[in-house]
1. So for the range A:66-88 (the condition being among the charged types (D, E, K, R), more than 28 Å from residue B:26 (Cβ to Cβ), surrounded by 16 or more Cβ atoms within 10 Å (Cβ to Cβ) and in contact (Cβ under 8 Å) with a residue 40 or more places away in the chain), does at least one residue qualify?
2. Give the residue, chosen from B:88, B:142, B:129, B:84, that is in contact (Cβ under 8 Å) with a residue 12 or more places away in the chain and either aromatic (Phe, Trp, Tyr) or over 14 Å from residue B:273 (Cα atoms) (or both).
3. Kindly indicate the residue of the range A:43-60 that is over 12 Å from residue A:17 (Cβ atoms) and touching a strand residue (DSSP E or B) at 6+ places or on another chain (Cβ under 8 Å) and also surrounded by the most Cβ atoms within 10 Å (Cβ to Cβ) among those meeting that condition.
4. Go through the range B:22-49 and give me each residue that's surrounded by 16 or more Cβ atoms within 10 Å (Cβ to Cβ) and more than 8 Å from chain A (Cβ to nearest Cβ).
5. Would you check if there is a residue in the range B:90-109 being assigned to a helix (DSSP H, G or I), out of contact with any Asp or Glu (no Cβ under 6 Å at 6 or more places or on another chain), surrounded by 13 or more Cβ atoms within 10 Å (Cβ to Cβ) and more than 11 Å from chain A (Cβ to nearest Cβ)?
6. Could you say which residue among A:9, A:108, A:18, A:85 is of a type outside the set (Asp, Glu) and within 14 Å of chain B (Cβ to nearest Cβ)?
7. Please work out if residue B:208 is modelled with pLDDT of 85 or more, within 24 Å of residue B:250 (Cβ to Cβ), touching a His at 6+ places or on another chain (Cβ under 6 Å) and among the aliphatic types (A, V, I, L, M).
8. Report yes if residue B:84 is more than 14 Å from chain A (Cβ to nearest Cβ) and either outside any helix (DSSP H, G or I) or not hydrophobic (A, V, I, L, M, F, W, C) (or both), otherwise no.
Amino acid sequence: MGETKSDVLQGTLDLMVLKTLESMGPSHGYGIARRIEQVSNDTLSLNQGTIYPALLRLLQRGWIKAEWGVSENNRRAKYYSLSRLGKKQIERETESWERIAATMARFLTTSD
Amino acid sequence: MDWLRILWSRCTAFLGTKKLDDELDEELLAHIELAVEENLRSGMLQEDARRVALLKFEGLAQVKETYRLQRGLPFLDALAQDIRYGARQLKHAPGFAFIAVLTLALGIGANTAVFTLTHALLLSTLPVRDPGELVRLAIDLRGSEINGRNAPLNLPIIEAIEKQSRSFHGIFAWCVYDFPFKDGSINNGIHGAIVSGNAFESLGMHPAAGRLLTPADDQPGGGPDGLAAVISHRIWVERYHADPSIVGRHITVTDHGATIVGVAPAGFEGVIVAEHPDIYLPLEFQAVLYARQPNITAVACGSTPLPASTQASAARRQRRR
């Protein structure tokens, strides 16, 4: 099972979180973690704990906002949502990520 | 601007650590509970559900620690810890602490003293017109009857040098004294200098208020305002709150009346290293001093071994000539 799962690359988690918030709207840490696992079809080995330092990083940069709310099981939970700055950041990071991916793809095809 | 936002966030977090810690605990607890419930819904047993939820969330304590480090100002936390640790260590070894503090104190003290001296002698210049052109005159009497290196000068000698010299555009006398000083409720000693009337003129200085001493103040009985006195900018500000109406005020110096005629410029502290006069009096004041106390024959600077009254009258005779 371990062999088929890849680790989350440094720096990619931030974009995944931002993108998740964009598509799902405000959600709590557990929701974001589950969503990332589902979207990746469980091919990523995501330690759910690493979501929280990533969320803090995004909060500190002002890309997301946090608010206490009530979860589906009637517990108090922190809900995160995208800020205006965060939306712009998604555009920037998507662009840069696509460039990297394209470059990597070129390397991989020429080596064949 | 990112770094600013991050710094702000870290600073506020540093100040509200306890509350944020509680919030983080609550948030992570909610996460685990949500995971357990989902696992239960998918048909797991109670204990399996919890075990799997925790497994997916590797190292709860580690995550919290990473989070805290990223949130606040860890270097300040570490610094506080180091200081506490250092203080404890010093308390356990008071002898060592004492020697260490003593060594530091002596080291800092010696450095300060050496620098102060270097600063005064080599680095700073006097706030006068041409500080580089000032020289201090002294008579070398080694080998003579009196045998002294810095033999005292007196007014006749100064006037003789003035008459003969070609290279100086002004020669003035400057003697440092401490005077008993009275002005209304103020009654204490004051550090001062007796200077010849041309001193301020030769130095090219301008008063902060009123006027400075002039050669006219050297006349017997004083100048136009009686015995004139100039005070330092420092005491003008400290004692008289920089009041310009101070000019014309009557004061008592060594039980003798004098009139404040002006204030020396700010930053001027005399021409002799480490002597900071707060009052400047004309040479005529020396005559007044000696007339009152005729037995004083030798004074620190600027007098001869002659009886003072003789010296003063000799100076006067010379001037009249």
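The values are calculated or read from the model by the stated rules, or taken from the named source; none is laboratory data. Since this is a predicted model, take the numbers as computed values, not measurements. Cβ sites come from the backbone with ideal geometry, for glycine too, and all protein chains shown count toward neighbours.
1. Scanning the range A:66-88, I find no residue that is among the charged types (D, E, K, R), more than 28 Å from residue B:26 (Cβ to Cβ), surrounded by 16 or more Cβ atoms within 10 Å (Cβ to Cβ) and in contact (Cβ under 8 Å) with a residue 40 or more places away in the chain, so the answer is no.
2. B:129
3. Filtering first and then ranking leaves A:44.
4. B:32, B:36, B:39, B:44, B:49
5. The answer is yes, given that some residue of the range B:90-109 is assigned to a helix (DSSP H, G or I), out of contact with any Asp or Glu (no Cβ under 6 Å at 6 or more places or on another chain), surrounded by 13 or more Cβ atoms within 10 Å (Cβ to Cβ) and more than 11 Å from chain A (Cβ to nearest Cβ).
6. A:85
7. Working: modelled with pLDDT of 85 or more: yes; within 24 Å of residue B:250 (Cβ to Cβ): yes; touching a His at 6+ places or on another chain (Cβ under 6 Å): yes; among the aliphatic types (A, V, I, L, M): yes.
Yes.
8. yes
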